[in-house]
Amino acid sequence: MTMAIEPDDEALATALLAGQRRALAKAITLIESSRPEHRLRAHALLDRLLPHTGGAFRIGISGVPGVGKSTFIEAFGMLLLEQGLRVAVLAIDPSSPLTGGSILGDKTRMERLSQQEQAYIRPSPARGALGGVGHQSREAMLICEAAGFDVIIVETVGVGQSETTVAGMCDVFLLLQLPNAGDELQGIKKGILELADIVVYNKADIDPRAAAIAAGQLKAAMHMLRPTSPHWQVPVLQASASTGAGIAEIWTTLQHYKDTMRQAGAFEERRRRQAETWLWNLVETGLLERFRSHDAVRAALPQALQQAAAGQASPATLATLLLDAFRP
Ligand code: GDP
C-alpha cells in the first residue's frame, strides 16, 4: 500500500537520489510542513524513497547542555569525513515550553563541519508541528539516507522525553557525561543511562584523574541497570572533544557495536521494533487528533471536562461517554 507521487515530486525524488543538495533541503522542508496537502505529498515522497533508505548507521547522541555535544559532533564528523564517509546531523530540540526558547541554541554550531561538501547539518524543526518533532526527524533521517549519507547523527539534549525519542529511532545511543562526582547516580535516577549503549566522559583533558575515577565508578555501577541488549556490555569511555583525544576509539567502539549486534541478528531486530513502535505512535497521534476534532466529541467535551473537574461524575464514566460519541 503506497501513495501516488506527483510529477514535480517525482523529479524531486530523482534529484535527491542523485545526491543534489538543493533537492535534499527541499524534501526536508516538505516533510516538516504541517499543511495537510504537504503531508500527503510528503507521504508519497517517502513511499517513493523508502526502497533507498536503511543504508546509514544511525547514531543518537545526548548529554546535558554544555557537556560538549557540538564540539564532539564537529570532531567526530570531521573524522568520518576523512574516512570518506558522508555525514548528516539532525537535531531534536525539546524547546522549553516555558520560554519557548531553543535549548540546543541558535548560535552557529559546528562551523567547520557545516562548511564541508560531504556533510549536511539540519537545524531542529519548529515545535508543535503535526505528529511532533521526533516524527519529523525520523522522516528527515530517511530522506538523508535516500540521499546517500553513510552516517546520520541525531542529537538531542539531556532533558525530558527527547532521549527516548532519539534512542527509539537510532541504531545506537551514545551518552556524553561530565566527569563530576555524583553525576553517575543522577543519570541513573533520571532513567537516561539505561538508554545508553555507549557512555563517554567528555572533557577528560580538564582533569584526567577525575574523568578516570568517574568512568570507573560508573562501570562498577552499570550492573544495576538493565542492559540495552543481552548481546552488548555498555562500555564507559573517556574523551576530549576539544583536543580530539579518544574520538577515534569511540568510532571503533561504535563499529564494534554494529558488528556485534549484526552478528546476533539484533541490529535488524531493533529497527523492526522501532518501525512497529513508530507506526503505533502515528496511529495514536492520528486517533487523538480525529477524536478531538470529531463533531459529537467536541460538542460533549466542555461539559464532560467541567463535570470531571467538579467531581460530578467519574472520569471513567465521562471517558466512556465521549468514546461512545466518537464514531469515526
Ligand atoms: P553542548 O551544549 O553540549 O553542545 O556543548 P558545546 O559543544 O557547545 O561545549 C560547551 C563548552 O565546552 C564550549 O566552550 C566548548 O569549547 C567546551 N568543550 C567541549 N568539549 C570540551 C572538551 O573536551 N574539553 C574542554 N576543555 N572543553 C570542551
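For the reader, a short list of remarks on this structure follows.
- Test: residue in the stretch 280-293 that is polar (S, T, N, Q), surrounded by 15 or more Cβ atoms within 10 Å (Cβ to Cβ) and not in a helix (DSSP H, G or I): no
To keep it simple, each residue is scored yes or no on (1) touching a residue at least 12 places away in the same chain (Cβ under 8 Å); (2) closer than 21 Å to Ala91 by Cα.
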| site | (1), (2) |
| --- | --- |
| Pro7 | no, no |
| Leu12 | yes, no |
| Leu24 | yes, yes |
| Arg35 | no, no |
| Leu46 | yes, yes |
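- Phe57 at pLDDT 95 or above, buried (at least 17 other Cβ atoms within 10 Å of the Cβ) and either outside the structural domain of Asp259 (by TED's automatic domain parsing) or more than 16 Å from the ligand (Cβ to nearest atom) (or both): yes
- The condition (being more than 14 Å from the ligand (Cβ to nearest atom) and not assigned by TED's automatic domain parsing to the domain that holds Gly134) is satisfied by just one residue among Thr285, Thr253, Thr228: Thr285.
- Filter result for the condition that a residue is under 24 Å from the mean Cα position of the chain (by Cα) and of a type in the set (Lys, Arg), over Arg270, Arg290, Arg298: Arg270
- Test for Thr320: is it polar (S, T, N, Q), farther than 30 Å from Gly168 by Cα, in a helix (DSSP H, G or I) and not assigned by TED's automatic domain parsing to the domain that holds Arg138: yes
- Check on Glu249, touching a Leu at 6+ places or on another chain (Cβ under 9 Å), surrounded by fewer than 16 Cβ atoms within 10 Å (Cβ to Cβ) and at pLDDT 95 or above: yes
- Residue check, Leu45 over 30 Å from Ile192 (Cβ atoms), in contact with an Asp or Glu (Cβ under 8 Å, 6 or more places away or on another chain) and either at pLDDT below 90 or away from the ligand (no atom under 16 Å from the Cβ) (or both): yes
Per-residue answers, yes or no, for (1) without any contact (Cβ under 8 Å) to a residue 24 or more places away in the chain; (2) aliphatic (A, V, I, L, M); (3) touching a helix residue (DSSP H, G or I) at 6+ places or on another chain (Cβ under 7 Å); (4) within 16 Å of the ligand (Cβ to nearest atom):
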| site | (1), (2), (3), (4) |
| --- | --- |
| Leu195 | no, yes, yes, no |
| Ile198 | no, yes, yes, no |
| Tyr201 | no, no, yes, yes |
| Ala204 | no, yes, yes, yes |
| Gly216 | yes, no, no, no |
| Ala221 | no, yes, yes, no |
| Glu249 | yes, no, no, yes |
| Tyr257 | no, no, no, no |
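- Among the residues of the stretch 9-36, the one identified as at pLDDT below 90 and of a type in the set (Asp, Glu) is Glu32.
- Of all the numbered requirements in (1) closer than 30 Å to Val199 by Cβ; (2) in contact with a Lys or Arg (Cβ under 6 Å, 6 or more places away or on another chain), Ala13 misses one, and that requirement is (1).
- Qualifying residue in the stretch 215-228 (condition: buried (at least 21 other Cβ atoms within 10 Å of the Cβ) and more than 22 Å from the chain's Cα centre (by Cα)): yes
The values are calculated or read from the model by the stated rules, or taken from the named source; none is laboratory data. Quick caveat: nothing in here was measured; it's all calculated off a predicted structure. All Cβ positions, glycine included, derive from the backbone under ideal geometry; neighbour counts span all protein chains shown.
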